[in-house]
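Chemist: Got a structure for you, written out below as C-alpha cells; questions coming shortly.
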Amino acid sequence: MLPSMAAKATVAIVGPGRLGTALALQLARAGYRISEMVSRTSASARRARAVTQTLKTRSSHYQNMSLDADLIWLCVPDREITVVATELASLNIWKRKTVFHSSGALDSDTLNALRARGAKVASVHPLMTFVKGAVPNMKGITFAIEGDAAAVRVAQRIVSDFGARTFFIRKHHKPAYHAWSAFTSPLLVAALVTAEQVARSAGLKAAEARRMMLPIVCQTLVNYAALGPSEAFSGPLVRGDAEVVRKHLQALKKVPQARAVYVALARSALRHLPAENRRQLEKVLKT
C-alpha cells in the first residue's frame with residue numbers, strides 16, 4: 001500500500017549511476033529510507049558501493065532484487081527504460097506501487113508495461129547536471145513532472161521535501177524541454193571547449209585558456225541572472241562593429257567548426273538581442 005501523506009515512502013533505486021546515487025543521497029537527507037539499490041551489472045554495483053555503505057542500505061543485483069519499497073525509481077539510461085519496465089512487469093508486485101523514471105526526453109508512457117500491471121507511474125526529471133566526482137545539492141532546482149495523478153502527488157511531496165521546485169510538463173513538450181535543457185549544461189560546456197580551440201589558435205594552451213576564461217564566464221552568468229539577457233549582452237555585435245566581426249570570421253577560418261558555431265550564435269543574437277548596425281552585421285555573417 002502506498003504510504004499516507006503523513007508517512008514518507010520507502011524507495012528502491014534501480015540503476016545506481018551518477019543520477020541514481022545522487023538521488024539516493026538527497027532522498028536520505030530528506031528523511032526517506034532507501035530500501036535497496038539495484039544494479040544490473042557488477043561494475044555498477046562496485047561504483048555504488050560507497051553510497052550503499054554510507055546509507056546502510058541493501059545492494060542488490062538484478063537477479064536477486066526484492067523491490068519491496070513503496071516507490072521504485074528507475075535511473076537507467078533512456079534507451080533502457082522501456083526494456084527494464086517490460087522485464088520488471090513479469091513480477092507480480094505492482095498493484096499499489098509507484099514507479100518513476102527520470103528521463104528528460106521520454107514521457108511516462110515508457111512505463112506502460114508497469115502501468116498495465118497496476119502501478120502508478122510518472123516521469124520525474126531533475127533539471128541539473130550529474131557528472132562523476134560531483135554530487136549536486138538538489139535544493140532550489142526544478143523537477144519536470146508528468147504522469148498519473150497519484151504518482152504525481154508522490155513526486156510533488158518528494159520535490160517539496162528536497163526544497164526544490166515542481167514544473168508540470170505536458171507529454172508532447174518533453175523533447176523540446178530536454179533540448180532546451182541541453183543548452184543549459186552539455187552544450188554550454190561544448191561552447192566553452194570550442195572557445196578553448198579558438199584560444200589555441202591564439203597561442204594559448206587549453207588549461208591556460210580555461211583559467212583565463214573563468215572570471216568572464218562567471219561574471220556573464222551573474223549578469224544574466226541579475227540583469228537579464230539584453231543587459232548582459234556585450235561585445236562587437238551589440239556595438240554594431242561589423243569590421244571587428246569580419247576580422248573574427250577571418251581568424252576563425254583556421255578553426256572552421258568554431259567559425260560555424262560563431263556564425264550560428266551571432267545570427268541568433270541578431271534575432272533576439274540588442275545590436276546596432278544590424279544590416280551590415282547580417283551582410284558580414286552571410287559572406
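Chemist: Scan segment 229-281 residue by residue and report those that are within 20 Å of A191 (Cα to Cα) and assigned to a loop (DSSP other than H, G, I, E, B).
Modeler: If the condition is that a residue be within 20 Å of A191 (Cα to Cα) and assigned to a loop (DSSP other than H, G, I, E, B), then F233, S234, G235, V255, L273 are the ones that fit.
Chemist: Scan segment 126-151 residue by residue and report those that are within 11 Å of the chain's Cα centre (by Cα), surrounded by 20 or more Cβ atoms within 10 Å (Cβ to Cβ) and closer than 22 Å to R47 by Cβ.
Modeler: P126 - this is the single residue of segment 126-151 that is within 11 Å of the chain's Cα centre (by Cα), surrounded by 20 or more Cβ atoms within 10 Å (Cβ to Cβ) and closer than 22 Å to R47 by Cβ.
Chemist: Turning to a different aspect of this structure: Could you tell me whether any residue of segment 55-70 is among the hydrophobic types (A, V, I, L, M, F, W, C), closer than 19 Å to K120 by Cα and touching a residue at least 60 places away in the same chain (Cβ under 8 Å)?
Modeler: Looking for residues that are among the hydrophobic types (A, V, I, L, M, F, W, C), closer than 19 Å to K120 by Cα and touching a residue at least 60 places away in the same chain (Cβ under 8 Å), one finds at least one in segment 55-70, hence yes.
Chemist: Among the listed residues Q197, Q156, identify the single one that is out of contact with any helix residue (DSSP H, G or I) (no Cβ under 6 Å at 6 or more places or on another chain) and either in the same structural domain as P274 (by TED's automatic domain parsing) or within 27 Å of A116 (Cα to Cα) (or both).
Modeler: Q156
Chemist: Residues that are under 21 Å from the mean Cα position of the chain (by Cα): which strands (runs of 3 or more DSSP E) entirely in segment 7-92 hold 2 or more of them?
Modeler: Where strands (runs of 3 or more DSSP E) fall fully within segment 7-92 and carry at least 2 residues being under 21 Å from the mean Cα position of the chain (by Cα), they are 11-14, 71-74.
Chemist: What are the residues in segment 93-147 that are small (G, A, S) and part of a loop (DSSP other than H, G, I, E, B), if any?
Modeler: Across segment 93-147, the qualifying residues are S102, S103, G104, A105, A116, G118, A119, G133, G140.
Chemist: With the structure loaded, tell me whether A264 is aliphatic (A, V, I, L, M), free of Cβ contacts under 8 Å to residues at least 12 places away in the same chain and closer than 22 Å to A232 by Cβ or whether it fails that test.
Modeler: yes
Chemist: What tally of residues in segment 214-243 results from selecting those that are under 19 Å from T287 (Cα atoms) and either charged (D, E, K, R) or exposed (fewer than 14 other Cβ atoms within 10 Å of the Cβ) (or both)?
Modeler: Total meeting the criteria: 2.
Chemist: Could you please find all residues in segment 97-155 being among the polar types (S, T, N, Q) and modelled with pLDDT of 95 or more?
Modeler: Within segment 97-155, T98, S102, S103, S108, T110, N112, S123, T129, T142 qualify.
Chemist: In this structure, does D78 turn out to be in contact (Cβ under 8 Å) with a residue 12 or more places away in the chain, acidic (D, E) and in contact with a Ser or Thr (Cβ under 9 Å, 6 or more places away or on another chain)?
Modeler: It is true that D78 is in contact (Cβ under 8 Å) with a residue 12 or more places away in the chain, acidic (D, E) and in contact with a Ser or Thr (Cβ under 9 Å, 6 or more places away or on another chain).
Chemist: Looking at segment 41-71, which of its residues are modelled with pLDDT of 90 or more, more than 14 Å from A24 (Cα to Cα) and buried (at least 16 other Cβ atoms within 10 Å of the Cβ)?
Modeler: Correct list: S60, M65, L67, D70.
Chemist: Might you check whether a residue that is touching a strand residue (DSSP E or B) at 6+ places or on another chain (Cβ under 9 Å) and over 18 Å from W73 (Cα atoms) occurs anywhere in segment 149-157?
Modeler: no
Chemist: Sticking with this one: If you scan segment 184-195, which residues turn out to be part of a helix (DSSP H, G or I) and either aliphatic (A, V, I, L, M) or closer than 14 Å to L221 by Cα (or both)?
Modeler: T184, L187, L188, V189, A190, A191, L192, V193, A195
Listed here are the residues, each with its yes/no results for (1) without any contact (Cβ under 8 Å) to a residue 12 or more places away in the chain; (2) out of contact with any helix residue (DSSP H, G or I) (no Cβ under 8 Å at 6 or more places or on another chain).
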residue	(1), (2)
G15	no, no
R18	no, yes
T21	no, no
R29	yes, yes
S39	no, no
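Chemist: If only one of L74, L88, L19, L67 is closer than 23 Å to R153 by Cβ, of a type in the set (A, V, I, L, M), touching a Gly at 6+ places or on another chain (Cβ under 8 Å) and assigned by TED's automatic domain parsing to the domain that holds V124, which one is it?
Modeler: That would be L74, the only listed residue that is closer than 23 Å to R153 by Cβ, of a type in the set (A, V, I, L, M), touching a Gly at 6+ places or on another chain (Cβ under 8 Å) and assigned by TED's automatic domain parsing to the domain that holds V124.
The values are calculated or read from the model by the stated rules, or taken from the named source; none is laboratory data. In this text the structure is predicted, and so the values were computed from the model without any measurement. Every residue, glycine as well, gets a Cβ built from its backbone with ideal geometry; the counts of neighbours run over all protein chains shown.
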